[in-house]
Amino acid sequence: MTNHLQNAVTIITGAASGIGAASARRLAASGAKLVLGDLDEAGLKTVVSDIEDAGGTASYKLTDVANFEAFEALVAFAEKTYGPVDILVNNAGLMLFSYWEERAIADWNKMIDVNLRGYLHGIAAVLPTMTNRKAGRIINMDSVAGHRAGEAGGVYAATKFFIQGMTESLRKEVGVSSGIQVGMVSPGVIDTGWPNKLRDGKAKGVAVDLSKGAIKPDAVAEAVAFALNQPKGVAINEIIVAPVDQAW
């Protein structure tokens with residue numbers, strides 16, 4: 001199979017750990033030039049070091065995706081370091097479980113800022129150059145929760161339903177008119193340690209139960225690489241990656 005990732009300038013958000021870090025390592029192994037964004041500098045340094053030690057190319061910039069100017073600065077850094085951005089992987093996200101009656105407004109707002117605004121900011125930051133070049137690849141990290149809401153995950157699921165609609169519109173609009181390859185990867189339960197980040201309570205118990213049998217982020221990274229390693233004119237609309245025994 002032809003390698004369409006060689007030398008592709010690639011931005012990944014939420015790249016300091018989990019799916020973002022695994023995807024960065026996987027794409028770098030195929031020759032992509034990685035620019036990693038996150039707020040966890042220690043994690044970013046570790047991933048960049050891992051990539052460089054393996055013979056790959058990577059840089060990082062601390063980035064708050066909820067801030068559009070910060071995302072624009074990440075894109076400018078990528079362009080200055082390696083050249084025009086070929087690939088954007090919108091991956092940064094928060095999965096904060098709570099029940100509606102908890103009225104966890106602070107958590108809701110955090111997810112809106114990162115899961116929604118963060119993705120929109122990324123698209124807005126890379127779109128002008130991609131449309132001018134009539135080339136580019138955008139992968140939005142969705143979730144099986146974007147297909148069906150589960151217990152204690154209503155607002156999180158709502159953000160992922162948003163990504164479904166946003167990606168479909170983006171594909172039909174800029175994909176058709178400008179040749180930009182747009183798609184989604186939707187993970188099921190993945191072992192990223194996310195339940196440990198939740199507040200103690202009933203909702204955390206639900207998350208811990210859901211995470212039993214979770215698969216490793218590397219499985220999602222393989223799907224990301226497959227979706228992106230396509231010739232011009234081919235778009236993988238969505239890949240769902242989940243544990244074989246996940247029943248929802």
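Using a Förster distance of 25 angstrom, determine the FRET efficiency expected from the C-beta separation of residue 120 and residue 39, and round it to 0.05. Provide the component values of the computation, followed by the final result.
Details: r = 18 Å, r/R0 = 0.72.
Computed FRET efficiency for residue 120 and residue 39 comes out at 0.85.
Could you tell me the largest-minus-smallest coordinate of the C-alpha atoms of segment 1-55 on each of the three principal axes, in descending order and whole angstroms?
Principal extents (Cα only, largest first): 34, 20, 16 Å.
Mind checking the angle between helix 154-170 and the chain's longest principal axis? C-alpha axes, 0 to 90 degrees, to the nearest 10.
The angle comes out near 30 degrees.
With a cut-off of at most 15 other beta carbons within 10 Å, and DSSP calling the residue loop, which trypsin sites (Lys or Arg not before Pro) in segment 134-165 qualify? Please list them.
Listed in order of number, the matching sites are 134, 148.
Using unit Cβ charges (K, R positive; D, E negative) and no other charged atoms, how large, in debye to the nearest 20, is the dipole of segment 9-240 about its Cα centre?
I would put it at about 420 debye.
How high is the relative contact order of the chain, given as a whole-number percent (alpha carbon pairs under 8 Å, six or more residues apart)?
Computed over the chain, the figure is 20 percent.
How about segment 74-113: which chymotrypsin sites (Phe, Trp or Tyr not before Pro) there lie in a loop by DSSP and see at most 16 other Cβ atoms within 10 Å?
Values: sites: 77, 82, 97, 99, 100, 108; in loops: 82, 97, 99.
Loop-located and lightly packed - 99.
Need one number: nm distance between label points at residue 76 and residue 129, each 7 Å from Cα along Cα→Cβ, rounded to one decimal.
Placing both labels 7 Å beyond Cα along the Cβ direction yields 1.2 nm.
If you consider only alpha-carbon coordinates, what radius of gyration and Dmax does segment 94-157 have, in Å?
Computed over the Cα atoms of segment 94-157, radius of gyration and Dmax are 15.1, 48 Å.
Counting other beta carbons within 10 Å of each residue's own, what order do 4, 121 fall into, fewest first? Write out the running numbers ahead of the final one.
Working: 4 19, 121 25.
So the residues, fewest neighbours to most, are 4, 121.
Helix 118-133 sits at what angle to the longest principal axis of the chain, using alpha carbons and giving 0 to 90 degrees rounded to 10?
It is inclined by approximately 20 degrees.
Using a cut-off of 12 Å between beta-carbons, work out the net charge of the residues near residue 225 (Lys and Arg +1, Asp and Glu -1, residue 225 not included).
That sum, taken over residues with Cβ under 12 Å, equals +1.
Cα-Cα pairs above 29 Å in the chain: how many percent?
24 percent
To the nearest 10 degrees, how steep is helix 41-53 against the longest Cα principal axis of the chain, on a 0 to 90 scale?
50 degrees
If each residue of separation counts as 0.36 nm, what is the full-extension length gain between residue 234 and residue 147 once their alpha-carbon separation is subtracted?
Extending this stretch completely gives an extra 28.9 nm.
We did not get these values from a lab; they are worked out from the coordinates using the rules stated. Note that the coordinates shown come from a computational prediction; the quantities given were computed from them, not determined experimentally. Glycine gets a Cβ as well: all are built from the backbone with ideal geometry, and neighbour counts include every protein chain shown.
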